[in-house]
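Here's the structure we're looking at; comments come further down.
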Amino acid sequence: MKLTLWTYEGPPHVGAMRVATGMKGLHYVLHAPQGDTYADLLFTMIERRDHRPPVTYTTFQARDLGGDTATLFKTACQDAVDRFAPEAIIVGASCTAELIQDNPAGLAGSMNLGLPVIPLDLPSYQRKEGFGTDETFLQIVRHLAQPCARTEQITANLIGPTALGFRHRDDITELTRLLAEMGVGVNVVGPMGSRPSDIARLGAAHFNVLMYPEHAESAARWLETNFKQPYTKTVPIGVGATRDFLAEVAKITGLPVKTDTTRLRLPWWTRSVDSTYLTGKRVFIFGDGTHVAAAARIAREEMGFEVAGLGCFNREMARPIRALAKDYGVEALISDDYLEVEATIAALQPEMILGTQMERHIGKRLGIPCAVISAPVHVQDFPARYSPQMGWEGANVIFDTWVHPLVMGLEEHLLHMFRDDFEFHDDAGASHHGGAHKPRDVVAEAAPAAADVAGSMPDAGASLGDSVPVVQPSGQIVWLSDAEAELKKIPFFVRGKARRNTENYAQTKGVTAISVETLYEAKAYYAR
Amino acid sequence: MNAPAPALGCTNTPVLKERGQREVFCGLTGIIWLHRKMQDAFFLVVGSRTCAHLLQSAAGVMIFAEPRFGTAILEEKDLAGLADAQTELDREVDRLLSRRPDIRQLFLVGSCPSEVIKLDLHRAAERMSVKHAPHVRVLNYSGSGIETTFTQGEDACLASMVPTLSATAEKELLLVGALPDVVEDQAMGLLAALGITKVRCLPARRSADTLAIGPNTVFALLQPFLGDTHAALTRRGARHIPAPFPFGAEGTTLWLQAIATEFGVDPALFAKVTAAPRARAEKAIAASAQTLSGKSIFFFPDSQLEIPLARFLTRECGMTAVEVGTPFLHRDLLSPDLALLAHGPTISEGQDVDKQLTRARAARADLTVCGLGLANPLEAEGMATKWAIELVFTPVHFYEQAGDLAALFARPLRRRALLAPLAPRIEAAE
């Protein structure tokens with residue numbers, strides 16, 4: 001038994017729903033009590049879907065338990081087939097139904113429904129949502145994919161995108177374009193957008209593009225073994241990764257790399273002098289393994305950040321993420337406990353977080369800016385505009401997304417110069433985070449004018465800095481009052497770093513009382 | 001206003017009882033408002049990852065530093081042996097209470113999996129109460145989806161508290177149901193103005209606010225879904241004051257009137273106290289009634305508030321009810337509302353969601369009240385919808401909120417009118 005206050009991943013049957021909802025012509029008959037229908041709103045509200053997820057819940061109640069829940073399941077199956085006329089159904093149990101052991105697979109299999117019945121075995125008390133997507137897609141592919149002749153043109157399947165994915169919708173468009181420029185067509189995209197009859201012809205492609213290993217690596221391996229289709233190992237998020245991906249496609253297909261980079265702006269944007277302030281920003285990266293690995297490379301090689309720490313919530317990706325962390329000289333945090341993530345961030349005091357919506361909240365509490373790079377998704381992660389993560393346009397989107405929460409270069413200098421100005425005081429926050437602006441009430445008659453500076457993002461970056469205590473009695477180290485006052489003069493967005501560096505320095509030197517001298521000795525010591 | 005009760009109310013209308021797939025939350029969802037109301041309580045669901053995911057999804061983005069609810073997630077090894085699960089639960093509770101000394105009441109909340117494996121939470125609660133007394137009181141109830149639907153979770157929670165209340169012989173009024181503090185204060189203010197001052201609320205805001213009950217206690221329900229709590233209070237000798245529920249100017253007046261009659265309040269005083277807020281409420285309702293008047297409405301079952309709300313919308317806002325669905329029809333509590341609801345609409349109890357969708361599509365009411373899983377799909381079909389869940393998360397009771405309640409229903413219609421130039425081409429997710 002484990003106490004959980006919030007969870008990055010849902011149960012595995014929600015993963016199966018993500019696959020089913022992404023597809024068309026497939027129906028999911030889920031043996032489950034009434035409350036499990038909550039999962040529908042994830043799709044209709046967060047993703048703004050205009051159809052109910054194709055799921056029938058058997059809705060058994062306590063009074064059914066002594067009786068015949070098996071018949072209830074069979075009736076629900078028959079009704080679903082009659083009403084929705086799917087090409088195939090997947091059947092399974094949610095956590096409660098797993099306990100009553102009705103064997104949905106056997107029941108549905110015995111019914112002669114006249115369509116493919118794909119049983120799912122998703123152990124609810126051991127695994128989570130990510131396993132559910134991967135396993136469900138694997139079973140669909142195993143049951144439906146047929147051997148077939150390769151297409152005349154060189155084509156690829158794009159596999160991995162699901163409903164409720166982080167920018168999956170737009171990644172498909174971007175990848176399709178990248179492949180088209182190379183002369184490679186797209187055979188099937190799945191699960192998102194495909195029908196069972198499309199899955200049947202997966203074998204016609206020359207290779208598979210594994211977009212998100214979380215959701216389709218098992219299927220990619222199965223197709224490699226059974227249909228001799230190689231699959232791409234690089235996830236094309238970021239400029240370097242996209243180049244590597246294209247090189248990988250060239251190697252698989254024997255085609256030369258052809259790509260139009262006129263739309264790629266990240267390299268110049270990051271080299272332009274205004275971006276100098278990005279140099280060495282310490283970032284903490286957390287999310288699903290795929291997006292974290294991609295973000296780490298972009299952070300170091302394409303933005304000039306320093307990766308202060310990284311980790312992922314999905315245990316399935318623990319091994320590659322640990323290896324990656326080693327390469328970056330940091331410790332990997334593999335955890336689905338957000339309190340542990342919060343404690344790690346608080347200890348590392350990064351200047352920026354690249355994380356999930358949960359890390360965005362953590363950042364708000366700790367006064368650290370955050371850009372969202374990964375699921376679990378939030379309604380904000382489904383923008384109306386085209387906003388991929390993959391390919392050249394994805395790189396542009398990432399540049400903008402990551403820079404937005406930061407205090408900009410010139411603004412940093414202004415804050416330094418005018419830090420005693422009523423508009424630039426500690427609690428003011430970045431000016432483009434309008435709603436957070438809180439004028440200091442020292443000059444009563446001047447303050448009201450500044451109070452009108454209100455923007456459109458009331459939830460962003462609220463009270464930057466005010467949760468960083470000026471005196472931090474960490475361990476036995478004490479800040480003397482003059483050092484404390486001096487620390488307060490340092491602008492809020494670097495104060496956390498200065499405090500942490502000074503304390504580390506004091507600790508290594510065996511200093512227990514930090515004076516102004518200690519502060520500046522530490523500054524000199526850490527000067528780059 | 002206060003049109004005479006219809007000659008033919010819905011008291012004897014045959015009820016369409018349905019059994020099939022339901023599109024509603026389970027009783028665990030009540031934790032989202034109960035934990036805000038009871039400020040020193042922690043709700044520990046003993047369940048699965050699904051329960052945890054439901055709670056955070058229903059709570060939306062409301063993630064606090066450390067919420068006062070959580071899930072003890074059952075794992076494979078807990079399912080193997082039950083003795084083990086009790087020990088594991090003890091360990092998790094010890095850990096939780098030592099980290100959160102501010103917690104004075106702990107609710108162990110049963111879920112579908114814990115009910116199916118027959119994990120005895122009552123025994124666990126008794127054991128823990130002894131261990132952690134007097135600092136923490138431990139209670140248990142079931143919010144499982146195999147036994148409770150949405151708001152029934154609050155009913156189960158409040159009912160679990162009734163046996164623990166101390167005894168009194170005083171004549172007191174008990175208000176039952178978790179309302180936002182500001183609304184509760186308004187109710188207390190109105191009752192005080194009527195000279196009724198010995199009033200307590202269940203649930204209390206903090207466990208230290210002692211509640212007592214006895215044969216001279218009379219109680220009024222604030223919510224229509226409190227059937228089990230009603231029964232538990234009656235078993236303790238308390239007496240219910242039947243009344244329509246306090247939604248809208250009429251509902252609030254009739255609810256207050258029933259209490260005033262019980263306490264022998266002078267009619268002149270009653271008229272004096274209620275006149276001004278009632279006039280304000282009527283004026284506020286009138287603003288939205290312009291939009292709602294003459295429009296039809298279809299209720300999917302959700303919170304059990306449907307029948308009182310249909311009464312409010314038809315009698316005070318001029319709407320016509322096509323179907324009023326409720327997960328569970330509690331006639332004992334709802335007869336005053338049913339009698340006021342004009343004959344006409346289908347009254348349905350339970351759900352078979354696909355059949356009901358067919359009826360809703362055929363009816364094409366001007367406004368369809370439904371859960372979040374159905375709202376966008378129906379909007380995409382061109383039907384205006386109102387999210388039912390907002391009705392339990394928003395202050396809607398009593399005079400000062402009557403206008404807000406009407407506005408909640410008017411807003412989707414006003415919004416459609418504003419956006420008319422963009423219709424009918426609606427782009428939704430693929």
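The values are calculated or read from the model by the stated rules, or taken from the named source; none is laboratory data. Since this is a predicted model, take the numbers as computed values, not measurements. Every residue, glycine as well, gets a Cβ built from its backbone with ideal geometry; the counts of neighbours run over all protein chains shown.
Of the residues in segment A:170-199, how many are without any contact (Cβ under 8 Å) to a residue 60 or more places away in the chain and under 22 Å from the mean Cα position of the chain (by Cα)?
3
Let's see how each residue does on (1) in contact with a strand residue (DSSP E or B) (Cβ under 9 Å, 6 or more places away or on another chain); (2) within 19 Å of A:PRO147 (Cβ to Cβ):
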residue	(1), (2)
A:VAL188	yes, yes
A:VAL209	yes, no
A:PRO213	no, no
A:ALA216	yes, no
A:ARG221	yes, yes
A:ASN226	no, yes
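Report the residue count in segment A:368-382 for those that are over 10 Å from the mean Cα position of the chain (by Cα) and in a loop (DSSP other than H, G, I, E, B).
4
Can you tell me which of B:HIS330, B:HIS343 is closer than 29 Å to A:THR56 by Cβ and at pLDDT below 95?
When all the criteria are applied, what remains is B:HIS330.
Among the residues of segment A:60-74 satisfying the criterion of being under 39 Å from the mean Cα position of the chain (by Cα) and more than 8 Å from chain B (Cβ to nearest Cβ), which is surrounded by the most Cβ atoms within 10 Å (Cβ to Cβ)?
The residue in question is A:PHE73.
Restricting to segment B:359-393, name every residue that is of a type outside the set (A, V, I, L, M), over 24 Å from the mean Cα position of the chain (by Cα) and more than 14 Å from chain A (Cβ to nearest Cβ). Give the derivation first.
Step one: list which residues in segment B:359-393 are of a type outside the set (A, V, I, L, M), which gives B:359, B:361, B:364, B:366, B:368, B:370-371, B:373, B:376-377, B:379, B:381-382, B:385-387, B:390, B:393.
Add one more test, that the residue is over 24 Å from the mean Cα position of the chain (by Cα), and what stays is B:359, B:361, B:364, B:366, B:377, B:379, B:381-382.
Scanning segment B:359-393 gives B:ARG359, B:ARG364, B:ASP366.
I'm checking my understanding of the structure. Among residues of segment B:53-66 that are under 17 Å from A:LYS2 (Cα atoms) and within 21 Å of the chain's Cα centre (by Cα), which one is modelled with the highest pLDDT?
B:LEU54
So, A:THR133, is that one at pLDDT 95 or above and either more than 14 Å from A:PHE227 (Cβ to Cβ) or not in a loop (DSSP other than H, G, I, E, B) (or both) or not? Working first, answer last.
Details: at pLDDT 95 or above: yes; either more than 14 Å from A:PHE227 (Cβ to Cβ) or not in a loop (DSSP other than H, G, I, E, B) (or both): yes.
Against the criterion (at pLDDT 95 or above and either more than 14 Å from A:PHE227 (Cβ to Cβ) or not in a loop (DSSP other than H, G, I, E, B) (or both)), A:THR133 qualifies.
Applying the selection to segment A:101-136, what residues are touching a helix residue (DSSP H, G or I) at 6+ places or on another chain (Cβ under 6 Å), within 11 Å of chain B (Cβ to nearest Cβ) and surrounded by fewer than 23 Cβ atoms within 10 Å (Cβ to Cβ)?
Hits for segment A:101-136 are A:TYR125, A:GLN126, A:ARG127.
Just checking, how many residues over segment B:394-430 are at pLDDT 95 or above and either outside any helix (DSSP H, G or I) or within 14 Å of another protein chain (Cβ to nearest Cβ) (or both)?
Final tally of qualifying residues: 3.
Hey, among the residues in segment B:297-315 that are out of contact with any Phe, Trp or Tyr (no Cβ under 9 Å at 6 or more places or on another chain) and not basic (Lys, Arg), which one's surrounded by the most Cβ atoms within 10 Å (Cβ to Cβ)?
B:PHE299
Considering each of B:GLY237, B:GLY294 in turn, give the residue that is farther than 22 Å from B:PHE219 by Cβ, touching a Ser or Thr at 6+ places or on another chain (Cβ under 9 Å) and surrounded by fewer than 20 Cβ atoms within 10 Å (Cβ to Cβ).
None of the other options fit; the residue is B:GLY294.
For segment A:312-342, enumerate the residues that are at pLDDT below 95, in contact with an Asp or Glu (Cβ under 9 Å, 6 or more places away or on another chain) and either within 14 Å of A:PHE284 (Cβ to Cβ) or charged (D, E, K, R) (or both).
A:ARG315, A:GLU316, A:ASP336, A:TYR338, A:GLU342
Working only within segment B:307-339, note down all residues that are closer than 18 Å to B:PHE150 by Cα and in a strand (DSSP E or B).
Matches in segment B:307-339: B:VAL324, B:GLY325, B:THR326.
Condition first: within 7 Å of another protein chain (Cβ to nearest Cβ) and hydrophobic (A, V, I, L, M, F, W, C). Can you find one or more residues in segment B:74-82 that meet it?
Yes.
Please find, among A:ARG300, A:ARG243, A:ARG265, the residue that is more than 27 Å from A:THR176 (Cβ to Cβ) and either touching a strand residue (DSSP E or B) at 6+ places or on another chain (Cβ under 9 Å) or modelled with pLDDT of 95 or more (or both).
Working: A:ARG243 fails: more than 27 Å from A:THR176 (Cβ to Cβ); A:ARG265 fails: more than 27 Å from A:THR176 (Cβ to Cβ).
Answer to the selection: A:ARG300.
Could you please let me know if A:GLY355 is of a type outside the set (Lys, Arg), more than 17 Å from A:TRP402 (Cβ to Cβ) and at pLDDT 95 or above? I'd like the intermediate steps shown before the answer.
Numbers: of a type outside the set (Lys, Arg): yes; more than 17 Å from A:TRP402 (Cβ to Cβ): no; at pLDDT 95 or above: yes.
No.
If I filter segment B:343-352 for residues that are surrounded by fewer than 22 Cβ atoms within 10 Å (Cβ to Cβ), within 26 Å of B:HIS240 (Cβ to Cβ), touching a Lys or Arg at 6+ places or on another chain (Cβ under 8 Å) and not hydroxyl-bearing (Ser, Thr, Tyr), do I get at least one hit?
yes
From B:ASP337, B:ASP302, grab the single residue that is touching a residue at least 40 places away in the same chain (Cβ under 8 Å) and within 25 Å of A:TYR57 (Cα to Cα).
None of the other options fit; the residue is B:ASP302.
Quick one: would you say B:ALA125 is more than 14 Å from chain A (Cβ to nearest Cβ), crowded, with 17+ Cβ neighbours inside 10 Å and not hydroxyl-bearing (Ser, Thr, Tyr)?
yes
Just give me the residues in segment A:292-338 being of a type in the set (S, T, N, Q) and touching a residue at least 40 places away in the same chain (Cβ under 8 Å), in sequence order.
A:ASN314
Determine whether A:VAL249 is crowded, with 18+ Cβ neighbours inside 10 Å, within 22 Å of the chain's Cα centre (by Cα), outside any loop (DSSP other than H, G, I, E, B) and modelled with pLDDT of 95 or more.
Numbers: crowded, with 18+ Cβ neighbours inside 10 Å: yes; within 22 Å of the chain's Cα centre (by Cα): no; outside any loop (DSSP other than H, G, I, E, B): yes; modelled with pLDDT of 95 or more: yes.
Taking the combined requirement at face value, the residue does not satisfy it.
Being in a loop (DSSP other than H, G, I, E, B), more than 7 Å from chain B (Cβ to nearest Cβ) and over 30 Å from B:LYS77 (Cα atoms) is the filter here; which residues of segment A:17-51 pass it?
Scanning segment A:17-51 gives A:MET23, A:LYS24, A:GLY25.
Of the residues B:GLY145, B:GLY110, only one is buried (at least 18 other Cβ atoms within 10 Å of the Cβ), more than 7 Å from every other protein chain (Cβ to nearest Cβ) and in contact with a helix residue (DSSP H, G or I) (Cβ under 6 Å, 6 or more places away or on another chain); which?
The conditions single out B:GLY110.
Considering only segment B:87-98, state which residues are more than 12 Å from B:LEU44 (Cβ to Cβ) and buried (at least 17 other Cβ atoms within 10 Å of the Cβ).
B:GLU88
Condition first: touching a residue at least 24 places away in the same chain (Cβ under 8 Å), surrounded by 21 or more Cβ atoms within 10 Å (Cβ to Cβ) and among the small types (Gly, Ala, Ser). Can you find one or more residues in segment A:281-291 that meet it?
Taking every residue of segment A:281-291 in turn, at least one turns out to be touching a residue at least 24 places away in the same chain (Cβ under 8 Å), surrounded by 21 or more Cβ atoms within 10 Å (Cβ to Cβ) and among the small types (Gly, Ala, Ser).
Say whether the condition of being surrounded by 17 or more Cβ atoms within 10 Å (Cβ to Cβ), aromatic (Phe, Trp, Tyr), in contact with a helix residue (DSSP H, G or I) (Cβ under 9 Å, 6 or more places away or on another chain) and outside any helix (DSSP H, G or I) is met by at least one residue in segment A:52-59.
yes
Among the numbered criteria (1) within 30 Å of A:ALA384 (Cβ to Cβ); (2) in contact with a strand residue (DSSP E or B) (Cβ under 8 Å, 6 or more places away or on another chain); (3) facing chain B (nearest Cβ under 9 Å), which one does A:VAL14 miss?
(2)
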